[in-house]
1. So which residues in segment 211-220 are surrounded by fewer than 16 Cβ atoms within 10 Å (Cβ to Cβ) and outside any loop (DSSP other than H, G, I, E, B), if there are any at all?
2. Restricting to segment 115-128, name every residue that is of a type in the set (D, E, K, R), over 10 Å from Pro66 (Cβ atoms) and more than 15 Å from the ligand (Cβ to nearest atom).
3. Picking from Asn197, Asn180, Asn138, Asn229, which residue would you name as being farther than 29 Å from Tyr59 by Cα and out of contact with any strand residue (DSSP E or B) (no Cβ under 8 Å at 6 or more places or on another chain)?
4. Looking at segment 1-25 only, could you name the residues that are of a type in the set (Gly, Ala, Ser) and under 11 Å from Ser61 (Cα atoms)?
5. Looking at Leu223, Leu168, which one is assigned by TED's automatic domain parsing to the domain that holds Gly31 and either touching a residue at least 60 places away in the same chain (Cβ under 8 Å) or open to solvent by 60 Å² or more (accessible area, probe 1.4 Å) (or both)?
6. Any chance segment 124-141 includes a residue that's more than 21 Å from Pro101 (Cβ to Cβ), touching an Asp or Glu at 6+ places or on another chain (Cβ under 9 Å), in the same structural domain as Glu71 (by TED's automatic domain parsing) and of a type in the set (Ser, Thr, Tyr)?
7. Here are some residues: Glu162, Glu183, Glu231. Which one is more than 18 Å from the chain's Cα centre (by Cα) and within 23 Å of Gly55 (Cβ to Cβ)?
8. Only residues that are charged (D, E, K, R), modelled with pLDDT of 95 or more and under 23 Å from Thr121 (Cβ atoms): list them for segment 39-64, please.
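The values are calculated or read from the model by the stated rules, or taken from the named source; none is laboratory data. What you see is a predicted model; the values in this text were computed from it and never measured. Note that we place each Cβ from the backbone using ideal geometry, even for glycine, and neighbour counts take in every protein chain shown. Side chains are part of the model used for accessible areas, which takes the heavy atoms of the whole protein and leaves out ligands, DNA and RNA. Shrake-Rupley method; radii C 1.70, N 1.55, O 1.52, S 1.80 Å.
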Amino acid sequence: MTFKPKVLRFESLPSTNTELARLASEGGAEGLAVVADEQTAGRGRLQRAWSSPKGAGLYFSILLRPAIPTEDWPLITFMAALAVGDALREATGLQTDIKWPNDLLANERKICGILAEAIETPVGRAVILGIGINLTQNAFPPELSDVATSVSEATGQKPERETILAALLPALSRWYALLNEPEKIVAAWCSRSSYANGKLVQVSNGDEVWQGTTCGVEHDGALRLGTANGEIKLVRAGDVYKVRPSS
Ligand code: BTN
């Protein structure tokens, strides 16, 4: 599977995902992408807001029409996390970790979030793949200050948005081509995530909280959690938090 990227640039949008969904509903081609200098209503997973100050991040969405079974669609965010990891390493030298399902971390803080939304379009089902990379923020809103970081904070360099985008597009194309071989995506994801195996975590889905040790990922991307009573719980939605050992 391949796509030919065509990038539309905007000064300000409510959300690049929302704008691209509108273009997709008008028949936009696979590979159509939208970048904005700022988002006034940037969206994250689980109905959260995504802070998107002007010029401080890469706010990017791309339209994909993957010809893979629907059960494998969760792997689209996995391949995106792999691509962002490659792009950040190539463009800035930064090594990142991946926290299930799709947060990229630097120094244990979130540097990138990924939001994939499935939509119906006149020419079939599609995915709006949204990627937000914190580039130059050095101050975050109080609720994020302990958990977020940026490329400039992590590297001490001032990254250029276009340099990162220029590395991201071919990286996405490379990993997208591998979606037909889901086991390769899962294996690569596991090799790059310190959360894939042996991590003591708490998982919350909004209603329930579980604690356990991670023990791999299913073929469809579900996280395997070994609980204290010896069961393996499969996690398909929610937030994962590292549990710090008590002293
Ligand atoms: C998350 O970690 O919760 C996902 C954040 C995704 C943010 C990006 S920024 C570009 C695109 N447009 C949006 O409104 N959201 C995604």
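1. Within segment 211-220, Gln211, Thr213, Cys215, Gly216 meet the criteria.
2. To start, the set of residues in segment 115-128 that are of a type in the set (D, E, K, R) comprises 117, 120, 125.
Then keep just the ones that are over 10 Å from Pro66 (Cβ atoms); that gives 117, 120.
Hit for segment 115-128 is Glu120, nothing else.
3. On the way: Asn197 fails: out of contact with any strand residue (DSSP E or B) (no Cβ under 8 Å at 6 or more places or on another chain); Asn180 fails: farther than 29 Å from Tyr59 by Cα; Asn138 fails: farther than 29 Å from Tyr59 by Cα.
Only one candidate passes the filter, namely Asn229.
4. Keep residues of segment 1-25 that are of a type in the set (Gly, Ala, Ser), which gives 12, 15, 21, 24-25.
Matches in segment 1-25: Ser15, Ala21.
5. Working: Leu223 fails: assigned by TED's automatic domain parsing to the domain that holds Gly31.
Among Leu223, Leu168, only Leu168 is assigned by TED's automatic domain parsing to the domain that holds Gly31 and either touching a residue at least 60 places away in the same chain (Cβ under 8 Å) or open to solvent by 60 Å² or more (accessible area, probe 1.4 Å) (or both).
6. Yes.
7. On the way: Glu183 fails: within 23 Å of Gly55 (Cβ to Cβ); Glu231 fails: within 23 Å of Gly55 (Cβ to Cβ).
None of the other options fit; the residue is Glu162.
8. Narrowing segment 39-64 to residues charged (D, E, K, R): 43, 45, 48, 54.
Okay, now just the ones that are also modelled with pLDDT of 95 or more, so 43, 54.
Listed by number, the list holds a single entry, Arg43.
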